[in-house]
Amino acid sequence: MVSKMDYQKVLEDIRKEVEPLLDKGLVADYIPELAKVDITKFGIHLLFLDDSSFSVGDTEEKFSIQSISKVFMLAHCVSHIGKKVYDRINVEPSGDPFNSLVQLEYENGIPRNPFINSGALVVTDLLISHLQDPRQQFLDFIRELVGQNDIYYDKQIARSEKACGYKNAAMVNLMKSYGNIENDVEEVLDLYFDFCSVSMTCSELAKAFRVFANHGKGVIDEKKYISESQFKRITAIMQTCGFYDEAGEFAFRVGLPGKSGVGGGIAAILPSQYSIVVWSPGLNKKGNSLAGLKALELFTTITGTSIF
Ligand code: GLN
């Protein structure tokens, strides 16, 4: 373990080391609006449960959290409807890309897990069925976790994704044909695209994610957002499914439960210790941040703070 004082230097050294990787990845151009983001952006923010924090780079700039939102969606959903969620979604790693359709057909419209697109679409459907105003309530949930009101959906990004969201549309339709979508297909897609479009800074996201480091309890308000058993399950799914067909690689190289998004963000936790968020928009072939993955690998290696 390095002493608290060294963390700033550790993060600065990491930034220097990953700098050559920043322009090597590819932005997610299947969402045209995301392709406009400057690929050389880089930020990393580390936040401990005792409130000490360390930051390097573009940590106060909002970016599209995309699939990282799936963790909040699942937490929000289980906090409202409990373990019934898992009747309609499995909890096994998919070993396939996040937007793959192949397993869905031979597994009768039941998604492999909640952190691939098909699973998050079913979570969205459940939220529509069980909540009065899921669009507003979800935003309120994230705002409460961050402790700030200035968190919004980015409608431009949501519209841009919807205009080209053919695969997600195919998935919802396929699941609807198996009876695993209750609501109107367009309504589910629109809400899902909004959920993915939430934009946050690294430091805001680290605050929101800290609830998972703190076993489901808010650090400031001490509110129990999810139970200990829900925390255990969500964290386990992050560990096994948070990086699609690169979940094994992430466990191997980084060794923290976490979640990535095609906006180039990665959020991870060390239970009972800290949350850490890195943002670098250039992605590798699996859709995970190239420099972000390397930065977290260096971080847990240098500090000796993985779960293993
Ligand atoms: N909104 C994106 C999609 O549905 C989220 C994917 C991701 O971040 N991996 O394709």
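The figures follow:
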item: Subset of region 96-114 [among the hydrophobic types (A, V, I, L, M, F, W, C) and closer than 17 Å to Lys286 by Cα]; result: Phe98, Leu101, Val102
item: Region 34-43, subset in a helix (DSSP H, G or I) and within 10 Å of Gly263 (Cα to Cα), residue nearest to the ligand (Cβ to nearest atom); result: Leu34
item: Members of region 146-194 found to be open to solvent by less than 20 Å² (accessible area, probe 1.4 Å) and either closer than 17 Å to His76 by Cβ or not in a helix (DSSP H, G or I) (or both), listed by number; result: Val146, Ile151, Gly165, Asn180, Ile181, Val188, Leu191, Tyr192, Phe193, Asp194
item: From the options Val102, Val78, Val27, Val18, residue that is touching a residue at least 12 places away in the same chain (Cβ under 8 Å) and more than 18 Å from the chain's Cα centre (by Cα); result: Val18
item: Residue count for region 124-136, restricted to those that are more than 18 Å from the chain's Cα centre (by Cα) and within 13 Å of Ala75 (Cα to Cα); result: 1
item: Region 195-218: number of residues that are out of contact with any Gly (no Cβ under 9 Å at 6 or more places or on another chain) and part of a loop (DSSP other than H, G, I, E, B); result: 4
item: Every residue from region 95-131 that is surrounded by fewer than 18 Cβ atoms within 10 Å (Cβ to Cβ), in a loop (DSSP other than H, G, I, E, B) and at pLDDT 90 or above; result: Leu101, Glu107, Asn108, Ile110, Leu131
item: Test: residue in region 65-84 that is outside any helix (DSSP H, G or I), under 19 Å from Cys241 (Cβ atoms) and of a type in the set (Ser, Thr, Tyr); result: no
item: Filter result for the condition that a residue is under 25 Å from Lys294 (Cβ atoms), at pLDDT 95 or above and open to solvent by less than 10 Å² (accessible area, probe 1.4 Å), over Lys62, Lys70, Lys41; result: Lys70
item: Subset of region 161-185 [within 15 Å of the ligand (Cβ to nearest atom) and of a type in the set (D, E, K, R)]; result: Glu161, Lys162, Lys167
item: Residue selected from region 224-253 under the condition without any contact (Cβ under 8 Å) to a residue 60 or more places away in the chain and more than 16 Å from the chain's Cα centre (by Cα), by the criterion nearest to the ligand (Cβ to nearest atom); result: Glu249
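A quick yes/no check of all residues on (1) of a type outside the set (A, V, I, L, M); (2) closer than 23 Å to Ser52 by Cβ; (3) within 16 Å of the ligand (Cβ to nearest atom); (4) touching a strand residue (DSSP E or B) at 6+ places or on another chain (Cβ under 7 Å):
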position	(1), (2), (3), (4)
Ile269	no, yes, no, yes
Lys285	yes, no, yes, no
Ala291	no, no, no, no
Ile302	no, yes, no, no
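The values are calculated or read from the model by the stated rules, or taken from the named source; none is laboratory data. From a predicted model like this one, the values you see are computed outputs, not experimental measurements. Using ideal geometry, Cβ is built from the backbone for each residue, glycine included, and neighbour counts are taken over all protein chains shown. Heads up: the accessible areas ignore ligands, DNA and RNA and are worked out on the full protein's heavy atoms, side chains in. Shrake-Rupley method; radii C 1.70, N 1.55, O 1.52, S 1.80 Å.
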